[in-house]
Amino acid sequence: MKSILLRPGRDHSVLQRHPWVFSGAIAQMQGQPEPGETVAIRAPQGNFLAWAAYSPASKIAARIWSWNENETIDADFFHRRIQAALDLRRSVIPVEETNAIRLVHAESDGLPGLVVDQYADRLVVQFLATGVERWRDTLLDLLVELTGIQKVYERSGVDVRSLEGLAAREGPLRSIEEPMGDQAPFQPALIHENGLRFLVDPVHGQKTGFYIDQRRNRMRLGQYSAGRDVLNCFCYTGAFSIYALAGGAKSVLSIDSSAEALEVARKNSAQNGFDGSPMDWMQADVFQALRAFRDEGRQYDLIILDPPKFAQTAAQAERAARGYKDINLLAFKLLRPGGLLFTFSCSGGISAELFQKIIAGAALDAGVDAEIIEHLAQGVDHPVALNFPEGTYLKGLVCHVK
Ligand code: SAH
């Protein structure tokens, strides 16, 4: 069996069941495994530690499938892992809540590098590591078999694939040879969430099409919206805005820099019967718009800040921190007494602790007395395995201005 022998002292994290083996931990390769091939990870003394997928081009040289020597990494293994991921979602997300669900969340579901999102009768998949890339046909067969969903679209065109030495890959997969003509081969899906309806375009949309991870945070927002003037910054396709209106908001102004996202947002508004409601959409840079609003002396009762990832890595955290501070300071200035701020960070490089410090600094500099009334996180279909804290990325605070 091809093996990776670890350096002395570098077997610790594997014993603690962390799923990554860094290239610097390798003392010696035994055999010449191909990219994605299953190898045994061995302690310096040679004893077995885990089965893993080898990734020669990556700093993460191997991602662990299993710590059980008796387990064979084959189609049955992947069947068990996918089924377990599906079972978790079925047990914690009632069917009436939504049909837009992250079915597989990579490392945290024991399937390093595999992301699968369901949007009604479609799946969107990402193969983000050499291990799952090598098993892609098996995984696709199993996904179709276990979900009963036939239409699968790949959105693996993301930067992380290049770190693994893999080319970007996007397009329809499997049995979705729908009629071409002037019909796009992969139409947007219409999904439901807590009784609301949203269009999701897996082909042109951001990420895999929709920010599923904010579902229960949007629900929260809806519960706090009644009678409030709401400002939704970085609104994308308007999901928070529509929850706010459904929750009885007095008015909603939503800002995004993307014209395409706002076009879908308007359609979503119509889908939910909110045509003619006090709902405005604005294409602008949020940093500039908030400054202009401050200068005009505008005031709101509820502000949502859900910006894109400002920091990809811990190294970029400082620049990101300045960005978060800037928008949160401005938002605090725009809130009336009694107002609420829903503020988020999806940067993995910014810890929850640091994020809270940044928000505290923003309130201080804005001259505002505020308190945290809720801590928010990514949804239940984005679990964080206890042996993989890196799986945490989305954090949010609901702050009340006194
Ligand atoms: N809250 C949304 C997701 C937001 S994603 C939801 O629940 O669906 C971040 C959004 O910020 C994207 O739509 C992107 O187009 C937008 N964006 C990025 N930089 C921006 C900027 N400087 N000003 C305004 N919008 C920006």
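The values are calculated or read from the model by the stated rules, or taken from the named source; none is laboratory data. Note that this is a predicted model, so its numbers are computed, not measured. Using ideal geometry, Cβ is built from the backbone for each residue, glycine included, and neighbour counts are taken over all protein chains shown.
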*Can you tell me how many residues in segment 21-39 are surrounded by fewer than 21 Cβ atoms within 10 Å (Cβ to Cβ) and under 20 Å from GLU107 (Cα atoms)?*
5
*Being of a type in the set (S, T, N, Q) and under 18 Å from GLY131 (Cα atoms) is the filter; apply it to segment 57-91 and report the residue that is nearest to the chain's Cα centre (by Cα).*
SER58
*asked:* hydrophobic (A, V, I, L, M, F, W, C), touching a His at 6+ places or on another chain (Cβ under 9 Å) and within 12 Å of the ligand (Cβ to nearest atom): is that true of LEU394 in this structure?
replied: yes
*asked:* Exactly one condition in (1) more than 26 Å from ILE212 (Cβ to Cβ); (2) within 11 Å of the ligand (Cβ to nearest atom); (3) not basic (Lys, Arg) is false for LEU305; which is it?
replied: (1)
*For segment 171-190, does any single residue satisfy the condition of being more than 10 Å from the ligand (Cβ to nearest atom), at pLDDT below 95, surrounded by 14 or more Cβ atoms within 10 Å (Cβ to Cβ) and more than 17 Å from GLN118 (Cβ to Cβ)?*
yes
_Residues that are buried (at least 17 other Cβ atoms within 10 Å of the Cβ), of a type in the set (D, E, K, R) and over 19 Å from the mean Cα position of the chain (by Cα): does segment 337-353 have at least one?_
no
*asked:* Pull out all pairs, ordered by first then second residue, where Cβ-Cβ is under 8 Å, the residues are six or more apart or on different chains, the first lies in segment 282-304 and is among the charged types (D, E, K, R), and the second is near the ligand (Cβ under 10 Å from one of its atoms) and at pLDDT 95 or above.
replied: ASP285/SER257
*Taking the condition touching a residue at least 60 places away in the same chain (Cβ under 8 Å), crowded, with 21+ Cβ neighbours inside 10 Å, among the hydrophobic types (A, V, I, L, M, F, W, C) and not in a helix (DSSP H, G or I), does VAL124 pass?*
yes
*asked:* If PRO308 satisfies all but one of (1) farther than 26 Å from PHE198 by Cβ; (2) surrounded by fewer than 19 Cβ atoms within 10 Å (Cβ to Cβ), what's the number of the condition it fails?
replied: (1)
*asked:* Could you check segment 249-283 and list, in sequence order, the residues that are over 21 Å from GLY209 (Cα atoms) and either surrounded by fewer than 18 Cβ atoms within 10 Å (Cβ to Cβ) or of a type in the set (D, E, K, R) (or both)?
replied: LYS250, SER251, GLY273, ASP275, GLY276, SER277, PRO278, ASP280
*Residues within segment 267-295 that are away from the ligand (no atom under 14 Å from the Cβ) and within 22 Å of PRO307 (Cβ to Cβ), tallied*: 4
*Check ARG89, ARG80 and return the single one that is surrounded by fewer than 18 Cβ atoms within 10 Å (Cβ to Cβ) and either at pLDDT 95 or above or small (Gly, Ala, Ser) (or both).*
ARG80
*Any chance segment 100-111 includes a residue that's crowded, with 21+ Cβ neighbours inside 10 Å and touching a Ser or Thr at 6+ places or on another chain (Cβ under 6 Å)?*
no
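TYR236 - would you say it is within 14 Å of the ligand (Cβ to nearest atom) and assigned to a loop (DSSP other than H, G, I, E, B)? Walk me through it before giving the result.
Numbers: within 14 Å of the ligand (Cβ to nearest atom): yes; assigned to a loop (DSSP other than H, G, I, E, B): yes.
So TYR236 fits the description; yes.
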*What number goes with the only condition from (1) at pLDDT 95 or above; (2) touching an Asp or Glu at 6+ places or on another chain (Cβ under 8 Å); (3) more than 10 Å from the ligand (Cβ to nearest atom); (4) in a loop (DSSP other than H, G, I, E, B) that ARG220 does not pass?*
(4)
